[in-house]
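Scroll down for the structure; my scribbles are underneath it.
We did not get these values from a lab; they are worked out from the coordinates using the rules stated. On a predicted model such as this, the values are computed, not experimentally measured, just so you know. Cβ placement follows ideal geometry from the backbone for every residue including glycine, while neighbour counts extend to all protein chains displayed.
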Amino acid sequence: MAPATAPPPPPSDAGTSLRAASWVVYDLANTIYAAAVTYLFTPYFTETFAGTLDARTSLGVTTTVSMLLAGLLSPLLGALADRTGRTRTLLTLATLGNVAMMLAWGLGGSAAQLLAGLFVANVTYQSALTFYNVLLPSVAPPARQGWLSGIGTGVGYFGNIVVLVALLLVPPAGFGEAPAYLAFGGAAFLLFALPCLVLVRDRRPIEPGPLGPALRASWRGLGTTLRELPRHRALLWFLLGNFCVVDVMNTAVQFFGDYVKDAFAAPFAAGSLRWFGLEFGPGARSMVAFLGLLGLVFSGLAFGFGVLVARWTDRHALAVLRASALALGLALAGGAWFGGGDTAAFTGTLVLGGALGMAGVWTAGRKLLLQLAPRERIGEFFGLYGITVKVSVVGSAVYGVIADHWGSRTALLAQCAPLLLGIACLAMVRMPRSGAATRP
């Protein structure tokens, strides 16, 4: 029987260029959510509820459980996309779920309500990423997938800039005004996501079928994939290493704003906080402004790094991933050492190292998965890849507990343990000579 969908057109087709641009813009859209959680939701929650509960612990545990659920769903959702061809529909549903939670945050609420919203938002956001990644082969040929992934990563950091410029142009008096800005972020997410949701579809030659049988087949396929994974040694080491490295990044994204607010609280209160000649403190610029400026520097650097490593990723994806993990180590060490002290050194280590590390990991990870996974099962293995980028089983909860009991600096240093383990796993990855997908 002939496939129900046509094969993709040649890469030079004008429609392909438009679809590729729409795919890239979605990376901008979904980064708005991550920026909102980092710079607004987490500092707002810890400041508002610090006196009534262990706020960081509550945030960390909620994030861990939600990421665990998203990670467990990810292989199933990837396999479902492989068997139904309805990737765009599934991406749209997940995106709308996330946007709805951000809009609901605009109403405020109790700690339990906000945490419930965070749980749903994390699950829908991470589920959407699975479908989004599956669409990459439909908008770029293999030789340009690393390049397009890097462009998407770089442009995605403009999502941070959308949030941060809004904070600096219309600054809130404090984090207590965050709900209105969170709702604005939800509207911006939907606006920038629309081109991808309308124009990009899964162009692989898939014969669609009913969802029920596809769901059961997906569960069976997941079991088969897990059993066969040890036979794909390079892919196994990559997934383990990526799990550890991205666990650290998920934690950093969650708590960056809260860490900066806590580390520099004393110099801010004393009026001695300065950053490249700018003063922050009572009677001067707010802590929100300080955090916003650091975020803008981070986003600008991440955009530049994403573009710079894009073409290198097509040739040396594994080297980019390893170098990026080392840059994250610099960020952790510098952030702990200079937090609350020299703001220039803090910027040159935690902000610069973190920007290079995050841009490189997101760019190289998608390309490396495509190089190592069997082409006919890309969706299933992107599902397993989704576990490594979604399941923050240890990082967020550990950070929250340690920060509430022993301080933020100790919690940051504790992230060195999973990072070193991830670097060791990545050192075990060996690329196939041809660059083709591994075979058992």
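Please report, ordered by residue number, every helix of the chain (full DSSP H runs) that is 30 Å or longer along its axis going by C-alpha atoms and whose mean Kyte-Doolittle hydropathy reaches -0.5. Walk me through the numbers before you get to the answer.
Details: long enough: 14-36 (34 Å, 0.64); 55-84 (42 Å, 0.89); 111-134 (35 Å, 0.97); 178-199 (33 Å, 1.97); 233-263 (43 Å, 0.78); 287-338 (42 Å, 1.44).
Result, helices passing both filters: 14-36, 55-84, 111-134, 178-199, 233-263, 287-338.
Short version: what are the Cα gyration tensor semi-axes of segment 288-365, square root of 5 times each eigenvalue, largest first, in whole Å?
Details: eigenvalues 117, 38, 10 Å².
Three semi-axes, in Å: 24, 14, 7.
If you stretched the chain out fully between L169 and L278, how much longer would it get, using 0.36 nm times the residue separation minus the C-alpha to C-alpha distance? Before the final figure, lay out each step's value.
On the way: separation 109, 0.36 × 109 = 39.24 nm, distance 1.65 nm.
The L169-L278 span can extend by a further 37.6 nm.
Determine the shape class of segment 70-190: with a ≥ b ≥ c the square roots of the Cα gyration tensor eigenvalues, call it rounded for a/c under 1.5, and otherwise prolate if a/b is greater than b/c, oblate otherwise. Could the numbers behind the result be given before it?
Working: a/c = 3.04, a/b = 1.50, b/c = 2.02.
Verdict is oblate for segment 70-190.
Could you quote the convex hull projected area for segment 212-369, Cα atoms only and averaged over all directions, in nm²?
Values: hull surface 48.2 nm².
Its Cα hull, projected and averaged over all orientations, spans 12.0 nm².
Tell me which label goes with the value of volume of the Cα convex hull per residue in Å³ computed from the coordinates here: [x] 151; [y] 133; [z] 171.
Looking at volume of the Cα convex hull per residue in Å³ for this model, the match is [y].
Stretch R216-L308 to full length: gain in nm at 0.36 nm per residue minus the Cα-Cα span? Walk me through the intermediate numbers first.
On the way: separation 92, 0.36 × 92 = 33.12 nm, distance 4.26 nm.
Stretched fully, the R216-L308 segment lengthens by 28.9 nm.
Counting only other residues whose beta carbon sits under 9 Å from that of R88, what net charge do I get with K and R as +1, D and E as -1?
Values: positive: R86, R201; negative: D202.
Combined, the nearby Lys, Arg, Asp and Glu give +1.
Using only the alpha-carbon atoms of segment 244-304, report the extent along each of the three principal axes, biggest first, to the nearest angstrom.
Extents along the principal axes, in whole Å: 41, 25, 14.
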